[in-house]
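Take a look at the structure set out below.
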Amino acid sequence: MIVNPAAANGRTARQWPDIARRAEAHGLHVDVRLTERRGHATELAAAAVAEGARLVLAVGGDGTVSEVANGMAGAAATDLAVVQRGSGCDFIRTFGISKDADRALEVAARAPARTIDMARASYAGRDGSPESRLFVNVASAGLTGVVADRVNRSGKPLGATVAFAWGAVATFAGYRNSPFTVEIDDERIDQVCNNAIVANCRYFAGGMKIAPDADPGDGLLDVLVWGDVSRLDLARNLHKLYRGTHTTHPKATIRRARRVVVTPRSPLPIEADGEQPGLTPATFEVVPSALRLRAPG
């Protein structure tokens, strides 16, 4: 059991001993390991796989789940299960995993594993050097990268949904759409854009159903390219992002692809599973059948 005690604004530090006891009651004999710094969950997960663990139980937010998945990618004999304790809880929404600890632990103990895809983001690091990382949920470049940075710096005292909605409106007030080149497999799009979003799963930013048809097991990424949308567009359509009914917007381009390259005219921050690892230009590529996840049937 890999626990991020800082998750949920530090409440997980108080909650994890009870979660561990409940896990034992569900028949899971857990070895608890606490994260101590950014990236530590990846190291702990990789060590668990190397030690032959059959199950890694991630207890924390979407960032913790992403780090654990990075450490488990390609492991054929180790399953991932999630007790989500962050503010967003976006990853579990696609799979119908409950936020309730006992229900999530029952899934961890009893549900069969399904094989899902991950994706690799390659980008420019803060010092300009090439870097890459895997993500399991959603990545993007443009406005959402700026919003994610703002929200993570300011915190989420009222929860992720309010934080990201406020962050989007507040950031867009001073944000200028810019020319993008987006290569989606063999198709090339050149236009002024607000954002390019590449999704393995369906939800991000505290419950936005950004890719309502995404299937994390189909070997493809769902792509949404937002064109030159205005502030008024955002105000009128923000509610549609949470319902998944925005896909018919005339400035939304929807595709499925194995590889997406996003090159804005000027470097913009990217976001991957809620974190901001670097800047564009960025390449996003599907990594098929990379992870075994225990989830409801």
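Any read-out appearing in this document is the output of simple, stated calculations on the displayed coordinates, not a laboratory observation. Values in this document were obtained by computation on a predicted structure and should not be read as measured data. Methodologically, a virtual Cβ is constructed for each residue, glycine included, from the backbone with ideal geometry; neighbour enumeration extends over all protein chains shown.
Data for the structure
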{"item": "Extreme residue, positive dipole direction of the chain, given options 83, 63, 238 (C-beta unit charges)", "result": "238"}
{"item": "Rounded FRET efficiency, nearest 0.05, which uses the C-beta distance separating residue 122 from residue 32 and R0 of 35 Å", "result": "0.55"}
{"item": "C-alpha long axis of helix 101-110 to longest principal axis of the chain, angle in °", "result": "70 degrees"}
{"item": "Nearest-ten-degree value, helix 62-72 long axis tilted from longest Cα axis of the chain", "result": "70 degrees"}
{"item": "Whole-number Å³ per residue for the convex hull built on Cα positions in the chain", "result": "120 Å³"}
{"item": "Under Karplus coefficients 6.51, -1.76 and 1.60, residue-wise ³J(HN,Hα) of region 270-281 in Hz, glycine/proline x", "result": "9, 10, 9, 6, x, 9, 10, x, x, 10, 6, x"}
{"item": "Assigned charges on the beta-carbon of Lys, Arg, Asp, Glu; the chain dipole about Cα centre (debye)", "result": "760 debye"}
{"item": "Rounded to 10°, Cα long-axis angle of helix 231-243 versus longest principal axis of the chain", "result": "30 degrees"}
{"item": "Long-range HN-HN contacts of residue 114 with modeled amide H, under 5 Å", "result": "293, 294, 295"}
{"item": "Total charge dipole magnitude, region 1-141, about the Cα centre, Cβ charges on Lys, Arg, Asp, Glu only, Debye to nearest 20", "result": "240 debye"}
{"item": "Extension gain, residue 247 back to residue 235 (0.36 nm per residue minus Cα-Cα distance, nm)", "result": "2.7 nm"}
{"item": "Candidate aspartates and glutamates for bridging to residue 251, where Cα separation is under 14 Å - those fewer than 8 sequence places away on the same chain excluded", "result": "190, 228, 233"}
{"item": "Net charge, residue 225 excluded, C-beta distance under 12 Å - Lys, Arg +1, Asp, Glu -1", "result": "-2"}
{"item": "³J(HN,Hα), Karplus 6.51/-1.76/1.60, whole Hz, each residue of region 2-8, x for Gly, Pro", "result": "9, 10, 9, x, 7, 5, 6"}
{"item": "Helix-only [θ]222 nm of the chain, DSSP H runs n ≥ 4, -39500 (n - 2.57) each, per residue, nearest 500", "result": "-9000 deg cm²/dmol"}
{"item": "GNM top mover of 88, 61, 244 - the chain, alpha-carbon springs below 10 Å", "result": "244"}
{"item": "Packing-based order for 256-264, 10-18, using average beta carbon neighbours within 10 Å, highest first", "result": "256-264, 10-18"}
